[in-house]
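Undergrad: Before we start, here is the structure in question, set down as structure tokens.
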Amino acid sequence: MKLKKDGLAIYTKGEKKNQAIVFVHGFPFDHTMWDFQVNHLKEEFYCVSYDIRGFGKSKVGDGQFTMEMFANDLINIVEELNLENPILCGLSMGGYISLRAIELVPARFGGLILLDTKAQSDDDFNKIRRSNIINFIDQNGHKPFIKDFISTLFCKQTILEKPKMVDDFIDKYLKNDKKGVKGGQLAMISRTDTTEFLSDIELPVLVLCGEEDHMTTPEMMREMSDKIIHSNFVVVPESGHLSAIENAEFVTNEIRKYLYSIKSDETIPEKKEKKKDKKSKKK
Ligand code: MLT
């Protein structure tokens, strides 16, 4: 089912009585990044995905986005759909959004899955890099940008052996409005640092990282996971930064195991086929 709320395209699959999981995609894609996971989990879980503002079928508006807007959009979706203790599952930019949403309203969520992401905000080098990306897109359009960016997202093996997967993602990306793509960069520049918050997280957390993710490396993500009290860190084989796509089956199995591990009353069935916001307080 597709809903449009406050300009956001929201998609739900499965039965509302089941545990909800909200999937938050990475830059510069849309909710279809999670198609494999949603299709394999929808019988057992209530799967919610959405297009982040400026991407996919969500409204672009003036493209002046901040991470606070993105995090509040996510919280509003959880409220609008009246989800009870949903699990958040965010990849990369989706992880930044999920971490900030949980920092804002920790009691509202039941768990967290972080893929290929980090808690640190941008240092000066990365702020300037993103500013250059915005200028580049202004001058050349957003098509040439993805050509360079693709080698940072997918691992070599995926690029060589699964060209269709890569091409499909480029095609989807090109459907985005360039204002939204630039807005995504602006929002990431504006994000706060959630590193200190990691040790306050009391939720069960699953941390997944592609073995060849050079953007948020396994070393960085293991360190992040070590700062979280109840966290399990898993390396995803044959994958770069887009683990949910590059090794969708492995990632889905890990997510499913995690979801059953926090449902204390149920054991995992055989698969048929195979605290308060410290930042606002500081002001
Ligand atoms: C993403 O994969 O969501 C972004 O590339 C992350 C980033 O640019 O920091």
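Undergrad: With respect to the numbered conditions (1) within 14 Å of the ligand (Cβ to nearest atom); (2) charged (D, E, K, R); (3) under 22 Å from Glu212 (Cβ atoms), which one is the sole condition not fulfilled by Lys156?
TA: (1)
Undergrad: Please enumerate the residues belonging to region 190-238 that are within 16 Å of the ligand (Cβ to nearest atom), of a type in the set (A, V, I, L, M, F, W, C) and buried (at least 18 other Cβ atoms within 10 Å of the Cβ).
TA: Val207, Leu208, Cys209, Met221, Met224, Val236
Undergrad: Right, another one. For residues in region 116-150 being over 19 Å from the mean Cα position of the chain (by Cα) and polar (S, T, N, Q), which is nearest to the ligand (Cβ to nearest atom)?
TA: Here the residue is Asn126.
Undergrad: Of the residues that make up region 19-29, is at least one aromatic (Phe, Trp, Tyr), part of a loop (DSSP other than H, G, I, E, B) and within 16 Å of the ligand (Cβ to nearest atom)?
TA: To start, the set of residues in region 19-29 that are aromatic (Phe, Trp, Tyr) comprises 23, 27, 29.
The next check asks that each one be part of a loop (DSSP other than H, G, I, E, B); those that pass are 27, 29.
Filter again for within 16 Å of the ligand (Cβ to nearest atom), leaving 27, 29.
Yes, that holds for at least one residue.
Undergrad: Which numbered condition in (1) closer than 20 Å to Asp35 by Cα; (2) at pLDDT 95 or above; (3) part of a helix (DSSP H, G or I) is the only one that Leu99 fails?
TA: It fails just one condition, (1).
For every residue, the table says whether it meets (1) basic (Lys, Arg); (2) within 17 Å of the chain's Cα centre (by Cα); (3) within 30 Å of Lys143 (Cα to Cα).
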position: Val181; (1), (2), (3): no, yes, yes
position: Asp213; (1), (2), (3): no, yes, yes
position: Thr217; (1), (2), (3): no, yes, yes
position: Met224; (1), (2), (3): no, yes, no
position: Ile228; (1), (2), (3): no, no, no
position: Phe233; (1), (2), (3): no, yes, no
position: Ser243; (1), (2), (3): no, yes, yes
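Undergrad: Follow-up question, since we're still on this one. Tell me, please, whether a residue that is in contact with a strand residue (DSSP E or B) (Cβ under 6 Å, 6 or more places away or on another chain), closer than 25 Å to Gly240 by Cα, more than 14 Å from the ligand (Cβ to nearest atom) and polar (S, T, N, Q) can be found in region 89-104.
TA: no
Undergrad: In this structure, is Tyr50 under 17 Å from Lys13 (Cα atoms), touching a helix residue (DSSP H, G or I) at 6+ places or on another chain (Cβ under 9 Å) and hydroxyl-bearing (Ser, Thr, Tyr)? Step through it out loud before you land on a result.
TA: Values: under 17 Å from Lys13 (Cα atoms): yes; touching a helix residue (DSSP H, G or I) at 6+ places or on another chain (Cβ under 9 Å): yes; hydroxyl-bearing (Ser, Thr, Tyr): yes.
It is true that Tyr50 is under 17 Å from Lys13 (Cα atoms), touching a helix residue (DSSP H, G or I) at 6+ places or on another chain (Cβ under 9 Å) and hydroxyl-bearing (Ser, Thr, Tyr).
Undergrad: Name the pairs: first residue in region 106-130 and of a type in the set (D, E, K, R), second residue at pLDDT 95 or above and within 9 Å of the ligand (Cβ to nearest atom), Cβ to Cβ under 6 Å, at least 6 apart or on different chains?
TA: Asp116/Leu91; Asp116/Ser92; Asp116/Thr216; Asp116/His241; Lys118/Thr216; Arg130/Gln185
The values are calculated or read from the model by the stated rules, or taken from the named source; none is laboratory data. Just so it is clear, the structure is predicted and the values come from calculations on it, not from any experiment. Here Cβ is always computed from backbone atoms with ideal geometry, including for glycine, and neighbour counts include all displayed protein chains.
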